[in-house]
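The values are calculated or read from the model by the stated rules, or taken from the named source; none is laboratory data. What you see is a predicted model; the values in this text were computed from it and never measured. A quick note on method: Cβ atoms are made from the backbone with ideal geometry, for glycine too, and the neighbour counts reach across all protein chains shown. Surface accessibility is based on the protein's heavy atoms, side chains included, excluding ligands, DNA and RNA. Shrake-Rupley method; radii C 1.70, N 1.55, O 1.52, S 1.80 Å.
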Amino acid sequence: MKLKIALFGIAKEIVGSSQLDLTAPDQQSVTGLMDQLRGQYPALGELTSFAVAVNSEYAAADYRLQENDEIALIPPVSGG
Amino acid sequence: MHIFLTDQPIDVAAVLASVQDEGAGAVNSFIGTVRNQSTGRRVVRLDYEAYDAMAVHQMRRVAEQAQEMWPMLRQVAVTHRKGRLDIGDVAVVVAVSTPHRADSFAACQFIIDTIKQVVPIWKKEEYEDGSVWVAAHP
């Protein structure tokens, strides 16, 4: 399936774009997607942490992604 | 509940006014401002980036959580700035009103502490000789 992933902050700089189009296995889990991204962009693995958000909520590691999910990569937040 | 994300200067008085409530004996606020140094380096400005829709949603979630933890909360307001900020600019304002003061301190602190942990907003510190995304690396 094809996924669109929104990127922010340092993740946007690492990938070099504010959106990443990715082909992933159907029913890919959040953990699987994170492994896929770390493989493709090793600098993501050097971050303090990163999370995946689906439809404006932090997604659990075992959540199975759907093609129409609004997916975003969330590097360590630093608001306030 | 008054939750905003803005790229314009924050009107602190307006945020405080938004939590005025006849049932409240206390209004408590936190104002986060841009400091001129970070870990010994001179900061010249900050650039805040937000995932707008999720940031607003998560700020609202934090305010709802506070209302569950402090059911006596009368009003809650959070306004967060994004974009380019200079030294001394206001980055975030949290304001709450409660019948008595102790709850207002506790709720206000919970809200700002939790916002800093969960709301998808990122700041980049710009120095005279470079820049760093805060907290990105260990």
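Look at (1) more than 23 Å from B:MET1 (Cα to Cα); (2) under 15 Å from the mean Cα position of the chain (by Cα) and you find that B:ALA135 fails only one, number (2). Does B:ALA50 count as facing chain A (nearest Cβ under 9 Å), surrounded by 20 or more Cβ atoms within 10 Å (Cβ to Cβ), modelled with pLDDT of 95 or more and under 17 Å from the mean Cα position of the chain (by Cα)? Criteria met by B:ALA50.
Per the listing A:VAL15, A:VAL77, A:VAL52, the residue uniquely open to solvent by less than 20 Å² (accessible area, probe 1.4 Å) and within 30 Å of B:GLY32 (Cβ to Cβ) is A:VAL52. Residues being open to solvent by 20 Å² or more (accessible area, probe 1.4 Å), within 13 Å of another protein chain (Cβ to nearest Cβ) and part of a strand (DSSP E or B) are entirely absent from segment B:64-76. Residue pairs whose Cβ atoms lie under 7 Å apart, sitting 6 or more positions apart in sequence or on different chains, and linking a residue in segment B:23-43 that is farther than 25 Å from B:LYS123 by Cα to a partner that is modelled with pLDDT of 95 or more and among the aromatic types (Phe, Trp, Tyr), are B:ASN28/B:PHE105.
Only one entry in A:SER29, A:SER18 is farther than 22 Å from B:HIS57 by Cβ and hydroxyl-bearing (Ser, Thr, Tyr), namely A:SER29.
The condition (being out of contact with any Gly (no Cβ under 9 Å at 6 or more places or on another chain), hydrophobic (A, V, I, L, M, F, W, C), open to solvent by 30 Å² or more (accessible area, probe 1.4 Å) and outside any helix (DSSP H, G or I)) is satisfied by just one residue among B:VAL56, B:VAL96, B:VAL44: B:VAL44. Only one of the numbered conditions (1) outside any helix (DSSP H, G or I); (2) of a type in the set (Lys, Arg); (3) surrounded by 15 or more Cβ atoms within 10 Å (Cβ to Cβ) is not met by B:ARG84, and that is (3).
Within segment B:20-34, the only residue that satisfies the criterion of being within 15 Å of the chain's Cα centre (by Cα) and assigned to a loop (DSSP other than H, G, I, E, B) is B:VAL34.
(1) facing chain A (nearest Cβ under 10 Å); (2) out of contact with any Ser or Thr (no Cβ under 8 Å at 6 or more places or on another chain); (3) among the basic types (Lys, Arg): which one isn't true of B:LYS82, the others all being true? B:LYS82 satisfies all of (1) facing chain A (nearest Cβ under 10 Å); (2) out of contact with any Ser or Thr (no Cβ under 8 Å at 6 or more places or on another chain); (3) among the basic types (Lys, Arg) except (2). Residues that are farther than 22 Å from A:ALA72 by Cβ and assigned to a strand (DSSP E or B) were ranked within segment B:99-131; the one that is farthest from the other protein chains (Cβ to nearest Cβ) is B:TYR127. For segment B:12-41, which positions are open to solvent by 30 Å² or more (accessible area, probe 1.4 Å) and among the hydroxyl-bearing types (Ser, Thr, Tyr)? Within segment B:12-41, B:SER18, B:SER29, B:THR33, B:THR39 qualify. Scanning segment B:93-138 for residues that are touching a strand residue (DSSP E or B) at 6+ places or on another chain (Cβ under 7 Å) and farther than 26 Å from B:ALA14 by Cβ yields a count of 9.
Just one of the listed residues (A:THR23, A:THR31) is modelled with pLDDT of 95 or more, farther than 20 Å from B:VAL56 by Cα, open to solvent by 40 Å² or more (accessible area, probe 1.4 Å) and touching a strand residue (DSSP E or B) at 6+ places or on another chain (Cβ under 8 Å), namely A:THR23.
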